[in-house]
Every structure is written in structure tokens, then in C-alpha cells.
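K.L.:
Pasting a structure below so you can have a look.
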Amino acid sequence: MANNFPRLPPSGIKVIVVGAGFAGLAAAIECDRKGHSVTLFEKVDNIDEITGIGDIISFDPNGSVAFERWPGVVDEMEAIARQTKHIDLFHHQGKFVTRQDFSHEKAWGRRINGHRGQLHNIIYRHAVDRGIDIRLGKRVEDYFEQDSPPQSGVVVDGERIAADVVIAAEGVRSRGRKIVLGFDENPKSSGYAVYRAWFPADRVRNNPVVKHLVENGDTHQGFIGPDIHFLASTIKNATEVNWVFTHIDDGNIEESWQFPGKPEEALKYLEGWCDVVRELVKATPDGRLIDHKLVYRDPLPTFISPKRRIALIGDSAHPFLPTSIQGASQSIEDGVVLATCLELSGRQNIPRALKAYEKLRYERVHRAQANGPKMRERWHKADWNEVWKKPEMIHLIRETWLLNFDAEKDAYTRFWAVLEELDKEEKQIKPRL
């Protein structure tokens with residue numbers, strides 16, 4: 001274990017984390033900060049399979065506040081993040097509608113929007129530098145938990161590996177969901193998919209239609225049309241271009257959920273759209289476009305297993321639509337809260353810690369999740385007769401309760417009251433049994 005990072009004294013709690021995405025890494029780092037012993041299993045052999053993914057990811061102040069506590073991380077992220085304070089929104093045929101300014105949010109914390117793989121690499125390297133035991137190329141085949149002795153664990157290469165608590169952070173297809181729910185369930189199509197692209201700005205610098213996007217530093221704009229919204233950014237002082245757009249998808253969810261896209265196929269969805277949008281798509285080089293199905297899961301009745309020793313976090317527990325702009329931040333919050341609950345409960349009270357984690361997270365997560373469909377409808381079903389009268393109707397949902405929030409502080413503040421509430425609920429249930 002590295003000793004040059006602030007951490008609490010050893011708690012004696014042994015934690016297994018499954019998955020080295022943002023949620024898993026954040027949970028591992030936060031557990032290490034709290035003095036827990038962490039082993040992380042990740043199925044890919046080479047972390048570049050994750051860090052090489054090239055599209056944009058967003059962390060709002062409620063997510064980035066955790067990075068502030070990881071020495072050096074937030075400044076390194078900021079150096080490669082998009083430097084914009086507003087978004088310009090246009091009608092899909094090119095007419096400017098409104099500018100939404102985010103300057104006031106600086107008082108809440110940092111907005112970090114950047115290359116998914118590069119930001120992930122910063123967090124991964126921090127986890128490695130902390131000395132966290134990360135085992136790549138290890139696919140978790142199953143989960144287990146038991147009362148005697150009280151423990152949970154995973155099966156890897158046919159071997160049972162035990163711990164005090166297991167954190168499932170594998171994403172929407174997590175095997176951990178089965179032990180939590182008690183049955184297998186299949187993901188559903190949300191009815192939408194997203195094209196995502198990222199490429200050097202030199203591809204558009206000499207194009208008279210779009211060169212203005214790369215002439216004066218970073219930019220951020222959105223184009224709103226029927227059942228489609230198209231978001232474009234220039235980043236790293238306008239040396240790189242990113243665009244994404246959500247479209248209706250009628251494909252089978254059993255197919256690959258992510259596969260290479262072709263600009264000519266993407267353009268078919270954009271007939272009648274303005275030249276700026278179409279030229280950005282045309283400029284996308286081969287191999288730099290992904291078509292990504294948006295997978296939907298019904299809200300879970302619980303995030304924790306029957307014996308309360310396995311917890312779901314991130315997309316394993318609550319996949320978000322991109323229009324919420326909160327999936328990444330909520331996954332960070334999950335890890336922060338779970339690590340804090342384990343710290344406050346101690347090794348002898350793991351089940352109570354997990355129950356408190358769920359209680360602290362459940363309502364907030366689902367309230368945040370609801371913003372995704374709401375925002376999508378605001379854009380995709382916009383009544384333009386009304387929008388032209390009141391342009392702020394298509395502004396992004398940016399709410400104080402959601403963004404001006406510190407998950408660690410909240411957990412420290414409410415943990416004991418939540419335990420009292422849980423005790424009362426259990427006493428009310430027992431007489432009926």
C-alpha cells in the first residue's frame with residue numbers, strides 16, 4: 001500500500017470491487033481513503049480497452065467534489081477538460097435560439113467535461129499510485145454471500161474469493177444484479193441509440209461552414225430537432241472536436257450494444273438539418289464513430305443483496321439516460337457514500353452499513369434519474385411556437401438540490417439518523433411476521 005496519500009487508519013474491512021469503470025474506481029479509491037482493504041477485479045486484460053474509448057463524459061459539481069479530495073486528480077482533469085461557461089442552442093435548421101449560461105455554478109464546484117478515456121486514465125493511474133490491488137483480466141463468474149461465517153465474495157477462475165463486502169460496479173449487465181434481485185432479467189431497449197464521435201480539429205479547420213467552431217477556443221452548442229438532439233464541442237483549446245446525437249433505434253437489444261458507426265448512415269437521420277451539423281458528421285474519419293444503444297432497466301426495488309453484503313453501484317444499480325447529464329456523477333456519489341457508511345458502521349455491522357447506503361442513495365438517485373426522460377422530451381417534442389416566445393423552455397435542467405451537493409458531507413451528517421429510521425422501520429415490520 002502506498003503511504004503518501006491521506007487515508008484513515010485501517011478499518012479491518014475487506015472490500016472486493018468488481019469493475020474498473022468510473023464507478024468501480026471511485027468506490028475503490030474512496031474505500032482506500034477510509035482505511036478499508038480493497039481488491040478490484042476487472043475483466044479486460046489491458047486497461048487501454050477502457051481508456052481508449054473516445055467520446056465525451058460529464059461530471060457536474062456534485063461528482064467532481066470527490067476528485068478534489070484525491071491529490072492531484074482534479075487539476076489534471078481540468079487541464080484537459082472543455083473550457084466553456086455556456087451552451088448555445090439552435091433550431092435543427094440552424095437558427096440561433098438561446099444561450100444558457102453556467103457561470104453561477106462555479107460557486108457549487110467544478111464542471112468537468114472531457115474525453116471519457118483520458119479522464120478515466122487519470123483516475124485509474126491515481127488508483128494504481130495509491131497502491132490499490134487491481135487485478136486485470138479477471139472475469140467474475142459469480143457472486144456469493146453467507147451467514148456463517150458472515151462474508152460475501154466472488155468466483156474468479158473457479159476460485160471462491162471472500163471479503164466482508166462486495167461492490168458490483170460492472171454496468172448494466174452486471175452479474176451482481178442476479179443475487180440482488182434473486183433472478184436473471186434482460187435489459188430493454190430504451191428505443192434510442194447515440195452516435196458518438198471524437199477527432200482532431202484539423203479535419204474541419206479549413207471548412208468554411210464549420211471552421212468558426214475551432215477559431216476562438218473551446219465551444220459548446222446544441223441543435224434541437226424532432227426526436228433528435230445533436231451536441232457538439234470543441235475542446236483542448238479547439239484542437240479536438242466531439243459530437244453526439246441521440247436518435248430513435250429499432251434494433252434488437254440482444255445485439256451488440258456498441259459497434260462502429262458510419263457517417264453516411266448517421267447522415268440519413270439528419271436530412272433537412274443545417275449545414276453545420278451535416279458537415280461535422282461528414283468530417284468524421286473512419287474508425288472515430290460509435291453507434292451506442294441506450295439500454296434501459298426498470299428501477300430496482302433494492303440496491304443490496306438479501307444478506308446485505310453485496311451492493312450495486314453506478315449503472316449496475318441505476319443506468320441513466322445521457323440527457324440527465326448525471327450518470328457519471330451519481331456513480332461517483334455511490335462510491336463515496338458506501339465507503340463512508342462502511343467507515344461509520346465498522347466491520348461488525350456491514351449489513352447495517354449497506355442498508356444505510358441504500359437509504360441515503362435510493363430517493364436521490366431516482367429523482368435524478370427522472371430528469372433524463374424529462375429533458376429528452378423537452379428537446380425531442382419541443383413546441384416551437386412556444387419555444388420562440390420563451391426560449392428558456394429548452395434550457396438544460398440544472399437544479400441546486402442536485403448539483404450543489406457533497407455526498408460525503410451528507411453521509412456524515414445523516415448516517416446515524418438514517419440508522420434510527422431503519423431501526424424503527426424494522427420494528428414495525430417484525431410484529432407482522
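K.L.:
Based on the Cα atoms of segment 202-305, what semi-axes does the equivalent ellipsoid have, where each is the square root of 5 times one gyration tensor eigenvalue, given in whole Å with the largest first?
P.N.:
Rounded to whole Å, the semi-axes are 30, 17, 14.
K.L.:
Once you charge only the Cβ atoms, +1 for Lys and Arg and -1 for Asp and Glu, what is the size of the charge dipole of segment 325-406 about its Cα centre, to the nearest 20 debye?
P.N.:
Using Cβ point charges on Lys, Arg, Asp and Glu, segment 325-406 gives about 180 debye.
K.L.:
Using only C-alpha positions, report the orientation-averaged shadow area of the convex hull of segment 140-264, nm², one decimal.
P.N.:
Working: hull surface 48.8 nm².
So the Cα hull casts an average projection of 12.2 nm².
K.L.:
For segment 320-415, what is Rg from Cα atoms divided by 2.2 N^0.38 Å, rounded to two decimals?
P.N.:
Here the answer is 1.39, to two decimals.
K.L.:
Just round it to a whole percent: the fraction of Cα-Cα distances in the chain exceeding 36 Å.
P.N.:
Counting pairs separated by more than 36 Å, the tail of P(r) holds 27 percent.
K.L.:
Can I ask one more? Arranged from highest to lowest average of other beta-carbon atoms within 10 Å per residue, in what order do the peptides 369-375, 262-268, 423-429, 221-227 appear? Each step should come with its number before you reach the end.
P.N.:
Working: 369-375: 17.1, 262-268: 13.7, 423-429: 10.0, 221-227: 19.4.
Highest mean packing first, the order is 221-227, 369-375, 262-268, 423-429.
K.L.:
Another question, if that's okay. To make sure I understand the rule: partners must be lysines, Cα under 25 Å from the Cα of Lys293, and not fewer than 8 residues away in the same chain. Which ones qualify?
P.N.:
Hits, sequence-local ones excluded: Lys43, Lys178, Lys188, Lys262, Lys268, Lys282, Lys374, Lys381.
K.L.:
Would you mind working out the accessible area per residue for segment 1-111, using a 1.4 Å probe, and quoting it in Å²?
P.N.:
Solvent-accessible surface per residue comes out at 41 Å².
K.L.:
Give me the dipole magnitude in Debye, nearest 20, for segment 105-205 about the Cα centre, with unit charges on the beta carbon: positive for Lys and Arg, negative for Asp and Glu.
P.N.:
On the way: 18 positive and 14 negative charges, 184 e Å.
About 880 debye.
K.L.:
With everything on Cα atoms, drop me the angle between helix 22-33 and the longest principal axis of the chain, reported from 0 to 90° to the nearest 10.
P.N.:
It is inclined by approximately 40 degrees.
K.L.:
Counting heavy atoms of the protein chains only and a 1.4 Å probe, report the per residue accessible area for segment 139-188 as a whole number of Å².
P.N.:
Normalised by residue count, the accessible surface of segment 139-188 is 49 Å².
K.L.:
Quick one: with all protein chains in place, what share of the accessible area of the chain is carbon or sulfur, to the nearest percent (1.4 Å probe)?
P.N.:
Of the solvent-accessible surface of the chain, carbon and sulfur hold 48 percent.
K.L.:
Further question on the same structure: Normalised by the number of residues in segment 133-281, what is the relative contact order in percent for Cα pairs under 8 Å and 6+ residues apart?
P.N.:
The value is 17 percent.
K.L.:
Please state, rounded to one decimal and in Å, the Kirkwood hydrodynamic radius that segment 47-112 gives when every pair of distinct Cα atoms enters the mean of 1/r.
P.N.:
Values: mean 1/r = 0.0710 Å⁻¹.
Computed over Cα pairs of segment 47-112, the Kirkwood hydrodynamic radius comes out at 14.1 Å.
K.L.:
When all protein chains stay in place, what accessible area (Å², nearest 10, 1.4 Å probe) is found for Arg177?
P.N.:
The accessible area comes out at roughly 10 Å².
K.L.:
While we're on this one: I'd like the accessible area for Asp32: 1.4 Å probe, protein heavy atoms, all chains in place, Å² to the nearest 10.
P.N.:
Approximately 10 Å² for this residue.
K.L.:
Over segment 332-433, with the other protein chains present, what is the accessible area per residue in square angstrom, probe 1.4 angstrom?
P.N.:
Value for segment 332-433: 52 Å² per residue.
K.L.:
Counting only residues 5 or more places away or on other chains, whose amide H sits under 5 Å from the amide H of Ile134 once H atoms are built in the peptide plane?
P.N.:
Leu40
K.L.:
Further, regarding this structure: Within straight cross-link reach of Lys390, meaning Cα distance under 17 Å, which aspartates and glutamates are found once same-chain residues fewer than 8 apart are removed?
P.N.:
Counting by Cα, and skipping residues close in sequence, Lys390 has these aspartates and glutamates nearby: Asp88, Asp101, Glu377.
K.L.:
Putting +1 on Lys and Arg Cβ atoms and -1 on Asp and Glu Cβ atoms, find which of Tyr124, Val154, Ile80 reaches farthest to the positive end of the dipole of segment 54-164.
P.N.:
Ile80
K.L.:
Given Cα pairs under 8 Å that are at least 6 residues apart, what percent is the relative contact order of the chain?
P.N.:
20
K.L.:
Name the residue farthest towards the positive end of the dipole of segment 304-385 from the options Ile325, Asn371, Thr340, assuming +1 on Cβ of Lys and Arg, -1 on Cβ of Asp and Glu, about the Cα centre.
P.N.:
Of the candidates, Thr340 comes out farthest on the positive side.
K.L.:
Next question. Pairs of alpha-carbon atoms within less than 8 angstrom and 6+ residues apart define the contacts here; what relative contact order does segment 239-378 have, in percent?
P.N.:
Worked out over segment 239-378, it gives 21 percent.
K.L.:
Which value, in Å² and to the nearest 10, is the accessible area of Arg135 when all protein chains are kept and the probe is 1.4 Å?
P.N.:
Around 90 Å² of this residue is reachable by solvent.
K.L.:
State the three equivalent ellipsoid semi-axes of segment 1-105, derived from the C-alpha gyration tensor as the square roots of 5 times its eigenvalues, in descending order and whole Å.
P.N.:
Equivalent ellipsoid semi-axes, largest first: 36, 18, 12 Å.
K.L.:
Could you give the dipole magnitude of segment 273-420 about its Cα centre, charging the beta-carbon of Lys and Arg +1 and that of Asp and Glu -1, in debye to the nearest 20?
P.N.:
Here segment 273-420 has a charge dipole of around 440 debye.
K.L.:
Which value, in Å to one decimal place, does the Kirkwood hydrodynamic radius take for segment 46-195 when every pair of different Cα atoms is included?
P.N.:
19.2
K.L.:
Would you list, by chain and number, the aspartates and glutamates whose Cα falls below 14 Å from the Cα of Lys307, excluding same-chain residues fewer than 8 positions away?
P.N.:
Straight-distance partners of Lys307: Glu145, Asp147, Asp164, Glu358.
K.L.:
What is the percent of Cα-Cα separations in segment 274-433 that go past 25 Å?
P.N.:
In whole percent, the long-distance tail amounts to 48.
The values are calculated or read from the model by the stated rules, or taken from the named source; none is laboratory data. All values reported here derive from a predicted model rather than from experimental measurement. Every residue, glycine as well, gets a Cβ built from its backbone with ideal geometry; the counts of neighbours run over all protein chains shown. These area figures cover heavy atoms from the full protein model, side chains too; ligands, DNA and RNA do not enter into them. Shrake-Rupley method; radii C 1.70, N 1.55, O 1.52, S 1.80 Å.
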